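Below you'll find the structure I mean.
The values are calculated or read from the model by the stated rules, or taken from the named source; none is laboratory data. Here the structure is a predicted model, which means the values were calculated and not measured. Please note: Cβ atoms are built from the backbone with ideal geometry, for glycine as well, and neighbour counts cover all protein chains shown.
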Amino acid sequence: NVIASHFAKSDLVCFSSMTAYSDLTKEIIQLTKKINPKTYIIWGGIHPIVHPEDAIEYPDAICVGEGETAFELFLSSFKERGDYTSTKNFWFNHNGTVIRNDFLPLHTSEEMDQFPFLLYADNELIFKHGKGFIPQNTNDYLSSYGLGNTYMTIWSIGCPYKCSFCANTKFIENDKNYRKLRHPSVDYIIAEVKDVLKKHPHFSSVSFQDDSFMAIPKVTLKEFAEKWKAEINIPFFVVGVIPSFVKKEKIEILVWGGMKRVRMGIQSGSDQVLEFYDRPNKPGLIPHATSILAEYKEYMIPPDYDLIIDNPVETREDIADTLNLLYSMKRPFNLNVFALRAIPNTELANDLMQRGVDIKDIKTSYLIAAPTLANCMVYLLTVFRPPKRIFNYLLQYAKPFTEEQTLFPMVFFFSRALWMLKRAYYHVKYFDFSFFPGKVGWLLYHSGFSK
């Protein structure tokens, strides 16, 4: 109610949220409208794009495509009291009728180079219980878990993959050109980070959240690395790594430029499951990519690999394939382990529905997994590689979570605890304190240990 009362004072309120937070967004929209029906509300972000039929029921309008140009067009017409309901990339809930407009062309790299930088540390407000909305200060940024000492941004947009579990499937359905990579110039991204560092010089690293960072051409990455090293010179973390784009020449360039961490999706060791995810794969692709990344263990924190567990269509053979992959992969490495959750209206959700398979959606935490023997082994294989005969013995009893079996909650807890300790150890070993929230991380980084 306090949040809604604040928003209800405005003529125009815009939300941006992912599906996991869609219920909260709906609640705040409804409360705001109840207090002041005249407040015009727009909902953007991933959820209205992926599931527009669900989102349009609550606000006055939703943005169903790229918003930079579309919102500018809408706002100009809205202020001039024109026919804003014809704005492309928008759906409108107008007098009980839903108006579905067509899409604008995707932005070109040249157009992206003209965008203003993201609004950051520029008189934003933050909501705090008991205090309401108050100006955000440096301590608020420092206290943000996972963000306090790291600036997160996106340089490139687009992904050549069309994995069924990903929201990108909807983006590609709307415009097939989304599979093509687009990004502003190297000078643009360097200038953006410089602008942030002027406001917050305490940042110790930058995290690039691109879907497919490694798909950027080598010549562009070389220019980026040279200018980053010369003008920014703080560590950076690349999240968007796809196995088929891991090339030794690119990794070498980026490590030289300051890359200290990478995160790559492997998802499964089973060809059958990867095919179910519609994820391109070929024999030896993942072992080859992980072997290249392992060559740089002296210069980077061990790579993070994303793995999906608790898939209801997995067989015992699929489980065994994944565990064998983890056992044989070059070390060291970390795992980001996610229980399979379906984003409503994606290809995965629709496929499982057609199969008659019930699965939790994305609003349920994907960090909660079944304490099966197989899942215990996943975490333990991140920490150490047991003797082959012990591994093969345990492998006989590894089953999909859908099969009836003995559960091991205490072993699972112990396995996860070891996994977390190993992750922390690697960060301390490489003097990376960017993941420490609050002033602790700030003090550790600026103590000089990490330089």
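Pull up the range 282-334, narrow it to residues that are in contact with a Gly (Cβ under 6 Å, 6 or more places away or on another chain) and among the acidic types (D, E), then point me to the one that is nearest to Q405 (Cα to Cα).
Filtering the range 282-334 for residues that are in contact with a Gly (Cβ under 6 Å, 6 or more places away or on another chain) and among the acidic types (D, E), the one nearest to Q405 (Cα to Cα) comes out as D321.
Give the residues of the range 98-138 that are part of a strand (DSSP E or B), at pLDDT below 95 and not aliphatic (A, V, I, L, M), sorted by residue number.
In the first step, residues of the range 98-138 are kept if they are part of a strand (DSSP E or B); the result is 98-100, 125-128, 132-135.
Narrowing the set further to residues that are at pLDDT below 95 leaves 125-128, 132-135.
Once the filter is applied, which keeps residues that are part of a strand (DSSP E or B), at pLDDT below 95 and not aliphatic (A, V, I, L, M), the range 98-138 yields F127, K128, G132, F133, P135.
Something else: Could you grab me the full set of residues in the range 18-50 that are outside any helix (DSSP H, G or I), touching a helix residue (DSSP H, G or I) at 6+ places or on another chain (Cβ under 9 Å), surrounded by fewer than 20 Cβ atoms within 10 Å (Cβ to Cβ) and modelled with pLDDT of 95 or more?
Those that are outside any helix (DSSP H, G or I), touching a helix residue (DSSP H, G or I) at 6+ places or on another chain (Cβ under 9 Å), surrounded by fewer than 20 Cβ atoms within 10 Å (Cβ to Cβ) and modelled with pLDDT of 95 or more: N36, T39, Y40.
Here's a follow-up. Quick one: is E226 of a type outside the set (A, V, I, L, M, F, W, C), surrounded by fewer than 20 Cβ atoms within 10 Å (Cβ to Cβ) and without any contact (Cβ under 8 Å) to a residue 40 or more places away in the chain?
Yes, satisfied.
May I ask you to say which residue of A55, A61 is within 19 Å of A8 (Cβ to Cβ), surrounded by 18 or more Cβ atoms within 10 Å (Cβ to Cβ) and out of contact with any Leu (no Cβ under 7 Å at 6 or more places or on another chain)?
Numbers: A55 fails: within 19 Å of A8 (Cβ to Cβ).
One residue alone meets the criteria, A61.
I need the full set of residues from the range 139-174 which are touching a His at 6+ places or on another chain (Cβ under 8 Å) and either on the phi > 0 side of the Ramachandran plot or assigned to a loop (DSSP other than H, G, I, E, B) (or both), in order please.
N149, W155, S156
One line per residue, one yes/no per condition, for (1) outside any helix (DSSP H, G or I); (2) in contact with an Asp or Glu (Cβ under 8 Å, 6 or more places away or on another chain):
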| residue | (1), (2) |
| --- | --- |
| S244 | no, no |
| E252 | no, no |
| G265 | yes, yes |
| N281 | yes, yes |
| I286 | no, no |
| Y305 | yes, no |
| A320 | no, no |
| N324 | no, no |
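Still on this structure, please answer the following. Got a sec? Which of F133, F127, F115, F103 is touching a Lys or Arg at 6+ places or on another chain (Cβ under 9 Å) and on the phi < 0 side of the Ramachandran plot?
F103
I would also like to ask the following. Out of all the residues in the range 272-282, is one or more aromatic (F, W, Y), in contact with a helix residue (DSSP H, G or I) (Cβ under 6 Å, 6 or more places away or on another chain) and either in the same structural domain as F431 (by TED's automatic domain parsing) or touching a residue at least 24 places away in the same chain (Cβ under 8 Å) (or both)? Talk me through it step by step, then tell me what you get.
Just the residues of the range 272-282 that are aromatic (F, W, Y), to begin with: 276-277.
Within this subset, residues satisfying the condition of being in contact with a helix residue (DSSP H, G or I) (Cβ under 6 Å, 6 or more places away or on another chain) are none.
Checked the range 272-282: no residue is aromatic (F, W, Y), in contact with a helix residue (DSSP H, G or I) (Cβ under 6 Å, 6 or more places away or on another chain) and either in the same structural domain as F431 (by TED's automatic domain parsing) or touching a residue at least 24 places away in the same chain (Cβ under 8 Å) (or both).
Residues to consider are K250, K297; find the one that is of a type in the set (K, R), out of contact with any helix residue (DSSP H, G or I) (no Cβ under 7 Å at 6 or more places or on another chain), without any contact (Cβ under 8 Å) to a residue 60 or more places away in the chain and within 27 Å of V206 (Cβ to Cβ). Please lay out each step first, then the result.
On the way: K250 fails: out of contact with any helix residue (DSSP H, G or I) (no Cβ under 7 Å at 6 or more places or on another chain).
Of K250, K297, the one residue that is of a type in the set (K, R), out of contact with any helix residue (DSSP H, G or I) (no Cβ under 7 Å at 6 or more places or on another chain), without any contact (Cβ under 8 Å) to a residue 60 or more places away in the chain and within 27 Å of V206 (Cβ to Cβ) is K297.
Name the residues in the range 175-189 that are part of a helix (DSSP H, G or I) and surrounded by 19 or more Cβ atoms within 10 Å (Cβ to Cβ), would you?
Y178, V186, I189 - these are the residues of the range 175-189 that are part of a helix (DSSP H, G or I) and surrounded by 19 or more Cβ atoms within 10 Å (Cβ to Cβ).
Now, a different point. Look through K260, K229, K222 and report the one residue that is in contact with a Phe, Trp or Tyr (Cβ under 8 Å, 6 or more places away or on another chain), among the basic types (K, R) and modelled with pLDDT of 95 or more.
K229
Can you give me the number of residues within the range 190-204 that are modelled with pLDDT under 95 and either in contact with a Lys or Arg (Cβ under 8 Å, 6 or more places away or on another chain) or not in a helix (DSSP H, G or I) (or both)?
Looking only at that region, the number is 5.
When you scan the range 348-364, how many residues do you find that are outside any loop (DSSP other than H, G, I, E, B) and either among the aliphatic types (A, V, I, L, M) or surrounded by 20 or more Cβ atoms within 10 Å (Cβ to Cβ) (or both)?
Adding up the residues that qualify gives 4.
While we're on this one: Name the residue that is surrounded by the fewest Cβ atoms within 10 Å (Cβ to Cβ), counting only residues in the range 3-17 that are in a helix (DSSP H, G or I) and free of Cβ contacts under 8 Å to residues at least 40 places away in the same chain.
Of the range 3-17, the ones in a helix (DSSP H, G or I) are 3-7.
When the remaining residues are screened for being free of Cβ contacts under 8 Å to residues at least 40 places away in the same chain, the result is 4-5, 7.
On the way: A4: 19, S5: 13, F7: 21.
Taking the candidates together, the pick is S5.
Checking the conditions here, which among R389, R385 is more than 20 Å from W419 (Cα to Cα) and basic (K, R)?
R389
Which pairs turn up if I take residues in the range 30-47 that are closer than 19 Å to F171 by Cβ and look for partners that are assigned to a helix (DSSP H, G or I) and of a type in the set (S, T, N, Q) with beta carbon separation below 7 Å, at least 6 apart in sequence or on another chain?
From the range 30-47, the pairs are W43/T25; I46/T19; H47/T19; H47/S22.
Same structure, new question: Kindly indicate whether any position in the range 83-95 is modelled with pLDDT of 95 or more, among the polar types (S, T, N, Q), farther than 22 Å from I172 by Cα and part of a strand (DSSP E or B).
Yes; the residues of the range 83-95 include at least one that is modelled with pLDDT of 95 or more, among the polar types (S, T, N, Q), farther than 22 Å from I172 by Cα and part of a strand (DSSP E or B).
Which numbered condition trips up D195, out of (1) touching a residue at least 60 places away in the same chain (Cβ under 8 Å); (2) farther than 21 Å from Q114 by Cα?
Answer for D195: the failing condition is (2).
Here's another thing I want to ask about it. If I ask for residues that are touching a strand residue (DSSP E or B) at 6+ places or on another chain (Cβ under 7 Å) and free of Cβ contacts under 8 Å to residues at least 60 places away in the same chain, which ones from the range 94-122 would you list?
The answer is V98, I99, R100, N101.
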